[in-house]
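Chemist: The structure that follows is given in the form of structure tokens.
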Amino acid sequence: MKDIAKRFAENPLLSPADLQASEKGLQITCLLNPGVFRYADKTWLIVRVAERPEQKDNMISFPVLTGTGNIKIIEIQKDDPALTATDARVINYKGVDYLTTLSHLRLLCSDDGIRFYEPDGYQSLVGEGILQTFGIEDCRVTRLENKYYLTFTAVSGNGVGVGLRTTTDWKNFQSHGMILPPHNKDCAIFEEKINGLYYALHRPSSVDIGGNYIWLASSPDGIHWGHHQCIIKTRENSWDSARVGAGASPIKTDKGWLEIYHGANQQHQYCLGAFLLDSNDPSKVIARTEEPIMMPSTEYELSGFFGNVVFTNGHIVNPGGDTITVYYGASDEFVCGAHFSLNEIFSLLKYDHAE
Ligand code: MAN
């Protein structure tokens, strides 16, 4: 295994204590998985902020949104026999799944890509309506023809799907509702049309036949998606044996579309890998890394809210195009940064890869 990530010495860049909770009675439990973009000569993160009330002994409590946008706190005694709480992220109560935190998306910006602050005049994005009552998460930002497309995970008791909002100024947003219904997440729209069509990677999950695989879809308008094709599968006995999912929008290179993706094994260890798609027909997988290009190894990646996790859904391609700065969530609790050399990633791709 060759971990080729050059982690920032300043990591973690953001920890829960660095920001204020969205309202009284809530605490920030996790800051994670930022979408990344350039706007007004700055680097911006749209960070997932996961909140819940301070936890009392013997009690699990978490917020949910009502369909009209109010926060409601649900409290459950830990010894209630109808409660199953074995995962830090999700619980089951009386046969219904809930998240232990409620996430919204917060805008931060930076002049140097290292120190981020919340600028005045930019609102957080919060869950809206009955398909987002458990929050919105893990936003990918695509800039296409001067419009920003925000694809994020929309969670509610109805399931986990992909929501879309668009903006040109980060102050006014247009909601396009749920574009990919449950179970689906990890959706990244390509930053260019190919042969007149929009393209997106996404990750439906099939509970019976099939699995947690990366799919490709196309669209005439960036909103309505069809021609779904399964392009990247999990690999048995591998670091990506349980689930795979796209990171941010693929990077256009002279070799093809380069995608950095996450994979998890049965032990819920999340690592990053890469694959390359044909420039003109992105349903053709040309190459894929066999081993991770980054795996949890530092203290902040190994232990936290949900340890042993590195997860990315945002990067900046640096001027010159030889290096990228990847922003990533560590242990589902911190926001971190790392540089990668594209040539080093290319050197690890296996071209004899066949699906
Ligand atoms: C999984 C994890 C959580 C996330 C939920 C809903 O359990 O990825 O972080 O909150 O799915 O998306």
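Chemist: Measure off 7 Å from each Cα along the Cα-to-Cβ vector at S347 and H228, then give the distance between these two points in nanometres to one decimal.
Modeler: 4.0
Chemist: Further question: Please list, by residue number, every one of the GluC sites (Glu not before Pro) in the stretch 39-132 that is coil in DSSP and has at most 10 other beta-carbon atoms within 10 Å.
Modeler: On the way: sites: E51, E54, E75, E128; in loops: E54, E128.
Counting only loop positions with at most 10 other Cβ atoms within 10 Å, the GluC sites (Glu not before Pro) in the stretch 39-132 are E54.
Chemist: Ok, one more. Would you please put 12-18, 191-197, 228-234, 159-165 in order of how densely packed they are, using the mean number of other Cβ atoms within 10 angstrom per residue and starting with the highest?
Modeler: 159-165, 12-18, 228-234, 191-197
Chemist: Something else about it: Sorted by mean Cβ packing within 10 Å, highest first, what order do the peptides 277-287, 300-310 take?
Modeler: Ranked from most to least packed, the peptides come out as 300-310, 277-287.
Chemist: If you don't mind, another one. Rounded to the nearest 0.05, what FRET efficiency do K6 and K284 give with R0 = 30 Å and r taken as the Cβ-Cβ distance? Could you check?
Modeler: Working from the Cβ atoms, E equals 0.45.
Chemist: Could you work out how far the C-alpha centroid of the stretch 163-195 sits from that of the stretch 197-272, in angstrom?
Modeler: Comparing the Cα centres of the stretch 163-195 and the stretch 197-272, I get a distance of 16 Å.
Chemist: So for each of 250-256, 34-40, 208-214 I average, over its residues, the number of other beta carbons within 10 Å; can you give me the resulting order with the highest mean first?
Modeler: Going from most to least packed, we get 34-40, 250-256, 208-214.
Chemist: Then there's this: Can you classify the stretch 277-338 as rounded, prolate or oblate using the Cα gyration tensor, where a ≥ b ≥ c are the square roots of its eigenvalues, rounded means a/c under 1.5, and otherwise it's prolate if a/b beats b/c and oblate if not?
Modeler: Prolate is the answer for the stretch 277-338, as a/c is 1.5 or above and a/b outweighs b/c.
Chemist: If you don't mind, there's one more thing I want to ask. Among F311, F134, F340, which one moves the most in a GNM of the chain with springs linking Cα atoms closer than 10 Å?
Modeler: F340
Chemist: If you count only protein heavy atoms with a 1.4 Å probe, what accessible area per residue comes out for the stretch 112-182, rounded to a whole Å²?
Modeler: Heavy-atom SASA per residue in the stretch 112-182 reads 44 Å².
Chemist: With all protein chains present, how much of the accessible area of the stretch 6-350 (probe radius 1.4 Å) comes from carbon and sulfur, to the nearest whole percent?
Modeler: About 46 percent, which is the carbon plus sulfur part of the accessible surface.
Chemist: Between the stretch 275-311 and the stretch 78-109, how many Å separate their Cα centres?
Modeler: Using only Cα atoms, the two centres lie 26 Å from each other.
Chemist: Working out 0.36 nm times the residue gap between M59 and A82, then minus their Cα-Cα distance, what length gain in nm do you get to one decimal? Present the calculation step by step, with values, prior to reporting the outcome.
Modeler: Working: separation 23, 0.36 × 23 = 8.28 nm, distance 1.34 nm.
The M59-A82 span can extend by a further 6.9 nm.
Chemist: Is the shape of the chain rounded, prolate or oblate, going by the alpha carbon gyration tensor and its root eigenvalues a ≥ b ≥ c, with a/c under 1.5 for rounded and a/b larger than b/c for prolate?
Modeler: It comes out rounded by the Cα gyration axes.
Chemist: Taking a 23 Å limit on the Cα-Cα distance, which of the listed pairs K42/K193; K42/K284; K193/K350; K252/K284 fall beyond it?
Modeler: K42/K193; K42/K284; K193/K350
The values are calculated or read from the model by the stated rules, or taken from the named source; none is laboratory data. The structure displayed is predicted, hence computed values, not measured ones. Positions of Cβ are generated from backbone atoms using ideal geometry, with glycine treated the same way; all protein chains shown enter the neighbour counts. With ligands, DNA and RNA removed, areas are computed over all heavy atoms of the protein, side chains included. Shrake-Rupley method; radii C 1.70, N 1.55, O 1.52, S 1.80 Å.
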